[in-house]
Amino acid sequence: MLIFRFLIFYLLSLVGVAAVYANDAVVPQTGEKPKPTPTAEAGITFDWVHVDGPYIAMTFDDGPSAKLTPKLLDLLAAHHIKATFFLIGENVAEHPEIVAREVREGHEIANHSWSHPNLAKMSDDGVRGQLRKTEDAIRSAIGNRPTLMRPPYGSISTRQKKWINHEFGYKIVLWDVDPLDWRRPGPNVVCNRIVKNTRAGSIVLAHDIHPGTIEAMPCVLNQLEAKGFKFVTVSELIAMETPIPPKPSPTPKSTTRKSTAPSPTPHN
């Protein structure tokens, strides 16, 4: 009898354990979709910024140029516009006085590598050396380190973005407006491409090492101002970021069937 009771107790225990595991495996049906996991690049990479207002950021790569950058700075000053300059370290070391002028006139300075290689094809140590050497040159020229970087050609892996952000604290800045001015299509084409494609929150890419780009800038700035755009640095634009509102749910279609019966004839 004692053995029989023990077997019954043992079987009941097994049933209870199985019930617990079964309950743990049940997914509660709340009717809500799971919240999406934030992307690994959220807050790290920016090519456009959602903002409330007509704010945009003009950016210029590959300088400073001894001949062309001062002309651009004169034009920006005449328009009271602040821009962001993504600088090549070799050029910073050669023309620190131009970098100092950029900062003095309220522009933002950012890291664009030392010699413009394709970072995605380099080792971590190679990338680290490119960024560190440029950062040191910028610090020597203006006394401060940059907080933004742009990979040459926009070529960079997701893994590189993560460790660069972790190690240097840089935000990775790309663009959403590219006039392909490096192909030198002519000032009018450069102007038309920028003006046509710029929207609120745009990060506009251009280069202050090509004469045609500098020639295009009066047209670009005049037309963008005429459209009501306001110019800020990239860091200022990022600081203005607002959440993108969710898309409204589609209105369900009515299931009421229309009558096919003829309308009654009105009496005179």
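Numbers below:
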quantity: More than 20 angstrom apart: percent of Cα pairs within the stretch 37-142; calculated: 47 percent
quantity: Length gained when the stretch residue 97-residue 75 is fully extended (0.36 nm per residue, less Cα-Cα span); calculated: 6.1 nm
quantity: Sites residue 167 and residue 247 - FRET efficiency at Förster radius 45 Å, r taken between beta-carbons, to 0.05; calculated: 0.75
quantity: Radius 9 Å from Cβ of residue 207, net charge of other residues (Lys, Arg +1; Asp, Glu -1); calculated: -4
quantity: Net charge contributed by nearby residues that have their C-beta within less than 9 Å of residue 85 (K/R +1, D/E -1); calculated: -4
quantity: Potential extension, residue 104-residue 90 segment - 0.36 nm per residue separation minus Cα distance; calculated: 3.0 nm
quantity: Listed residue pairs exceeding 19 Å between alpha carbons, taken from 71/227; 71/171; 121/162; 171/230; calculated: 71/227; 71/171; 171/230
quantity: The stretch 72-188, dipole about Cα centre (Lys/Arg Cβ +1, Asp/Glu Cβ -1), debye to the nearest 20; calculated: 380 debye
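Bear in mind these aren't lab numbers, they're just calculated from the coordinates by the rules spelled out. Predicted model, so just to flag it, every value in this text is computed and none were measured. No Cβ is skipped: glycine too gets one built from the backbone with ideal geometry, and neighbour counts run over all protein chains shown.
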